[in-house]
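Report on the structure given below.
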Amino acid sequence: MKHLKHLLLILAVIFSFASVQAAETQPNVILIVADDLGYGDLGCYGQTKIKTPHLDRMAQEGMRFTQCYSGSTVCAPSRATLMTGKHTGHATIRGNRKPEIPLRADEKSMAEVFKDAGYTTALFGKWGVGANDNSGAPNRKGFDEFLGYLTQREAHDYYPASIYRNFDVYPLAQNAEGKKGTYTHDLFMEESLKWLRTNAQKPFFLYLPVTIPHTNNEAAPHGQEVPSDAPYSQEDWPQQEKNFAAMITRMDNGIGQIMVLLKELKIDENTLIVFTSDNGPHNEGGHKSDFFDSNGALRGIKRDLYEGGIRVPGLMRWPGKIKAGTTSEQIWANWDLLPTFCELIDEPIPN
């Protein structure tokens, strides 16, 4: 297939400081997608109140993009563009719907591309583009291992009674009161670390679509989104803002653990990490996006087709391949990642 000019531009930017020739070992890829994280929610994008030292270090050790865009203003269509490489004019899923629309059987997913190249694949977190009884089931779209939420609404609850492992219901431990048992974000990070240890010696693709910092829309009263509001417990902020900040810092800590583990496993220099968000910040569950200037200097938030609703953080880190401490104004969006990964692992771009 004829290479697309904009994809080559992205590759030229990403690998402008190193050869793009195929490595002796196929590169591993970790794709981390936050949920409702705004352009201004990270320190490396100007945030001054919320602590994100590990993502800030990822920016220092890799490349920070200033014009990275989500696939849509809301969750499902954004994730559909990410998984299929199709923009919203071509993708099957174009909005959040009830019942949710699944990916079609003939829509080749990012995970299927990696499977074709001989990779082992896993998904821990929020899927949102299919269910186990239809064509969009994660295990039908190229993932060897899945643990998480299938639908958007399920993913609002950080302390559910159960989630899914592959095609099976996966019960979660509850405390004596039946509330605040297993915090799923921590479970997804633990599973990711365990899975990385098990699969470190073969090429892998890990998709980690965390639910942080999406609000628990069904929680009443507020306060069931995070086990602790540390390190912000003493701040003179509304409780919901303490929780919001604590979720982001908790996510940041988990990503820091992943980076430490890659070095421990001696696969750091053969692993590309990509971090982004599915759309702009929200005004939900008591949180106000302007409290932390979550959209930075941009206008609009989640559901708005202004910059604040679709421009999101974009970080890439690959020691020895991406020059540390670089910033790029190259424009790219969710749908550019699949064909760019195809170029990277020498797989044909799906029609």
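Only residues that are surrounded by 22 or more Cβ atoms within 10 Å (Cβ to Cβ) and either in contact with a Lys or Arg (Cβ under 8 Å, 6 or more places away or on another chain) or assigned to a loop (DSSP other than H, G, I, E, B) (or both) were counted in the stretch 253-273, giving 1.
I'm trying to understand the selection: among the residues of the stretch 153-184, which are within 22 Å of Asp36 (Cα to Cα), open to solvent by 40 Å² or more (accessible area, probe 1.4 Å) and touching an Asp or Glu at 6+ places or on another chain (Cβ under 9 Å)? Matches in the stretch 153-184: Arg153, Asp157.
Residue by residue, here is whether (1) of a type in the set (Lys, Arg); (2) open to solvent by less than 20 Å² (accessible area, probe 1.4 Å); (3) in a helix (DSSP H, G or I); (4) modelled with pLDDT of 95 or more holds:
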| site | (1), (2), (3), (4) |
| --- | --- |
| Ser78 | no, yes, yes, yes |
| Gly89 | no, no, no, no |
| Pro99 | no, no, no, no |
| Glu112 | no, no, yes, yes |
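Evaluated against (1) surrounded by 14 or more Cβ atoms within 10 Å (Cβ to Cβ); (2) at pLDDT 95 or above; (3) among the hydrophobic types (A, V, I, L, M, F, W, C); (4) outside any strand (DSSP E or B), Val226 falls short on exactly one condition, (2). Look at Tyr164 and say whether it is more than 28 Å from Pro348 (Cα to Cα), in a strand (DSSP E or B) and not basic (Lys, Arg). Against the criterion (more than 28 Å from Pro348 (Cα to Cα), in a strand (DSSP E or B) and not basic (Lys, Arg)), Tyr164 qualifies.
Keeping to the stretch 55-66, report how many residues are open to solvent by 30 Å² or more (accessible area, probe 1.4 Å) and touching a Ser or Thr at 6+ places or on another chain (Cβ under 8 Å). Step through it out loud before you land on a result.
To start, the set of residues in the stretch 55-66 that are open to solvent by 30 Å² or more (accessible area, probe 1.4 Å) comprises 56-57, 60-61, 64.
Within this subset, residues satisfying the condition of being touching a Ser or Thr at 6+ places or on another chain (Cβ under 8 Å) are 64.
Residues in the stretch 55-66 being open to solvent by 30 Å² or more (accessible area, probe 1.4 Å) and touching a Ser or Thr at 6+ places or on another chain (Cβ under 8 Å): 1 in total.
Checked against (1) touching a residue at least 12 places away in the same chain (Cβ under 8 Å); (2) more than 24 Å from Arg79 (Cβ to Cβ), Trp318 passes all but condition (2).
Scan the stretch 141-152 and tell me whether some residue there is in a loop (DSSP other than H, G, I, E, B), touching a Ser or Thr at 6+ places or on another chain (Cβ under 9 Å), crowded, with 18+ Cβ neighbours inside 10 Å and of a type in the set (Gly, Ala, Ser). Yes, the conditions are met somewhere in the stretch 141-152. So for the stretch 67-74 (the condition being crowded, with 20+ Cβ neighbours inside 10 Å, of a type outside the set (Gly, Ala, Ser) and assigned to a strand (DSSP E or B)), does at least one residue qualify? Yes, the conditions are met somewhere in the stretch 67-74. Selection of the stretch 320-333 for residues being in a loop (DSSP other than H, G, I, E, B) and surrounded by fewer than 17 Cβ atoms within 10 Å (Cβ to Cβ) yields Gly320, Lys323, Ala324, Gly325, Glu329, Ile331.
Can you spot a residue in the stretch 172-187 that is under 22 Å from Ala76 (Cα atoms), aliphatic (A, V, I, L, M) and in contact (Cβ under 8 Å) with a residue 24 or more places away in the chain? No, every residue in the stretch 172-187 fails to be under 22 Å from Ala76 (Cα atoms), aliphatic (A, V, I, L, M) and in contact (Cβ under 8 Å) with a residue 24 or more places away in the chain. Screening the stretch 279-319 for residues that are farther than 20 Å from Met83 by Cβ and part of a strand (DSSP E or B) and picking the one that is most open to solvent (accessible area, probe 1.4 Å) gives Arg311.
Considering every residue within the stretch 188-205, establish whether at least one is part of a loop (DSSP other than H, G, I, E, B), surrounded by 13 or more Cβ atoms within 10 Å (Cβ to Cβ) and on the phi > 0 side of the Ramachandran plot. No, there is no match, as no residue in the stretch 188-205 is part of a loop (DSSP other than H, G, I, E, B), surrounded by 13 or more Cβ atoms within 10 Å (Cβ to Cβ) and on the phi > 0 side of the Ramachandran plot. For the stretch 118-133, filtered to residues that are small (Gly, Ala, Ser), in contact (Cβ under 8 Å) with a residue 40 or more places away in the chain and in a loop (DSSP other than H, G, I, E, B), the residue that is farthest from Glu107 (Cα to Cα) is Gly118.
Of the residues examined, Gly95 is not one that is touching a Leu at 6+ places or on another chain (Cβ under 6 Å) and part of a loop (DSSP other than H, G, I, E, B).
The values are calculated or read from the model by the stated rules, or taken from the named source; none is laboratory data. Since the model is a prediction, treat every value here as computed from it, not as a measurement. Cβ sites come from the backbone with ideal geometry, for glycine too, and all protein chains shown count toward neighbours. Just so you know, the surface numbers come from the protein's heavy atoms only, side chains and all, with ligands and any DNA or RNA stripped out. Shrake-Rupley method; radii C 1.70, N 1.55, O 1.52, S 1.80 Å.
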